[in-house]
1. How large a share of the accessible area of the chain, in percent, is made up of carbon and sulfur atoms when the probe is 1.4 Å and the other protein chains stay in place?
2. Just to be sure I understand, if you calculate mean projected area of the Cα convex hull in nm² for this structure, which of [x] 6.2; [y] 8.7; [z] 7.1 do you get?
3. If you count only protein heavy atoms with a 1.4 Å probe, what accessible area per residue comes out for the chain, rounded to a whole Å²?
4. Can you compute the charge dipole magnitude of the chain about its Cα centre, using +1 on each Lys and Arg Cβ and -1 on each Asp and Glu Cβ, nothing else charged? Give it in debye, rounded to the nearest 20.
5. Considering the chain as a Gaussian network with a 10 Å cut-off on Cα pairs, which listed residue, G42, G32, G70, attains the greatest mean-square fluctuation?
6. Local charge sum around D22 (other residues, Cβ-Cβ under 11 Å, Lys/Arg +1, Asp/Glu -1)?
7. Can you list the chymotrypsin sites (Phe, Trp or Tyr not before Pro) in segment 50-85 that are in a DSSP coil and have 16 or fewer other beta carbons within 10 angstrom?
Amino acid sequence: KPTWGTLIGCLYQGVPIVGIIDHCILKERWVGSVGNPTILNGQSVSTTKSATSLSNATIYTTTPDMFRTGEEVTKFNTIRDASLR
């Protein structure tokens, strides 16, 4: 089922310091910033031991087609193939 969202990131001197994912169809807003816990819909999110490896993780991407041939697509495919879904 196709969905869409808005992604916003802010760099300071080339280093990511804050990122926001607003996924309105799913009613989800994720916020991450340096030195702070990740927030989902206003609530702190923490990882659990079950999510410490890619085999227990879910990956999301705008489209796999954004990865070009060569090293980018090879790295994406490696992560995709190792993840739960």
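1. 59
2. [z]
3. Accessible area per residue: 84 Å².
4. Here the chain has a charge dipole of around 220 debye.
5. G70
6. So the environment of D22 carries a net charge of +1.
7. Y60, F67
The values are calculated or read from the model by the stated rules, or taken from the named source; none is laboratory data. Keep in mind the model is a prediction, meaning the values are calculated, not measured. Note: ideal-geometry Cβ built from the backbone for every residue, glycine included; neighbour counts use all protein chains shown. Note: areas computed on protein heavy atoms with side chains; ligands, DNA, RNA excluded. Shrake-Rupley method; radii C 1.70, N 1.55, O 1.52, S 1.80 Å.
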